[in-house]
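Please read the structure below before turning to the comments.
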Amino acid sequence: MIERKFSSFLTEPEKEKVSDLENKAILMRNTADPFSPQEYLSIAVMEAAKAILRRDKAVGTIISWREEGIETIISASNRVRSGFSHGFHAEQLAIYYLELFLYGVPTPDTYFQRLLPENIPQHHGGTLYTTLEPCTTCAGRILQTPEITSVVVGAEDPNGGQMLSNRLECIAPNFQEKAQKRGLTIDQVDFNNPKSQHHVSPLYQQLIQETLGPRGIDLRFSDEVRNGILFDINKKTFGRR
């Protein structure tokens, strides 16, 4: 994959924001119950931090794949800008990495595995956790991927999100019907009810406000050198991510 490396162009305040995001993700994981939505989202937050270092939008996605007593966690981050492609959204890449894994050609550094305790549900299939509500294209890709049986959304995106129930009709007239027909469940994290199946620490809510919300960290910059040619990135169109 052709990719730009942007981390060296971050300012010190921007690097501090990334470091703060990583530290809070570690705190989220250290205070989470194993195999909980909070633990999974903390991993996705670390992926979002990687995206920022490449000057991509702060979006991270993981897929929990459980099979025969083993859980495989596939992780991906947004690469739209650094990868020169509108298709390199975090959700799309996570699904692609899952498909490679299932075909027996896993991509290095995109997954890790661990044993599932007997008291943890060992359902066959994948649950996708994403820091930001998927857009139309990603929602459609998820719908067309039977290996994904459930989705947990970390933050609503009123600007470009197309998956939560109040906007399902925007994707296609029969999207909700298709999702229900194939058993795809779509949930949003819950900050208020500790007994909720999808409860996540209010710390994540803070991250949404600071970094992981619809706008992410605004890392616009003017000039960059690509292959020895100076160009104005603000004149390029990369979409909402």
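In table form, for the structure just shown:
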| read-out | value |
| --- | --- |
| Amide proton proximity set for ILE186, modelled H, under 5 Å, gap of 5+ | VAL151 |
| Sparse-neighbourhood loop sites, chymotrypsin sites (Phe, Trp or Tyr not before Pro) in region 54-105 - DSSP loop, at most 16 other Cβ within 10 angstrom | PHE84, TYR103 |
| Ranked packing of 35-44, 106-115, 135-144, most packed first, by mean Cβ within 10 Å | 35-44, 135-144, 106-115 |
| For region 87-127: span of alpha carbons on each principal axis (Å, largest first) | 38, 18, 16 |
| Angstrom value of the Kirkwood radius, inverse mean 1/r, which spans all Cα pairs in region 7-219 | 17.3 Å |
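Bear in mind that the values in this text are calculations on the coordinates, not laboratory data. Bear in mind the structure is a predicted one, so any value in this text is a computation, not a measurement. So basically every Cβ, Gly included, is an ideal-geometry build from the backbone, and we count neighbours across all protein chains shown.
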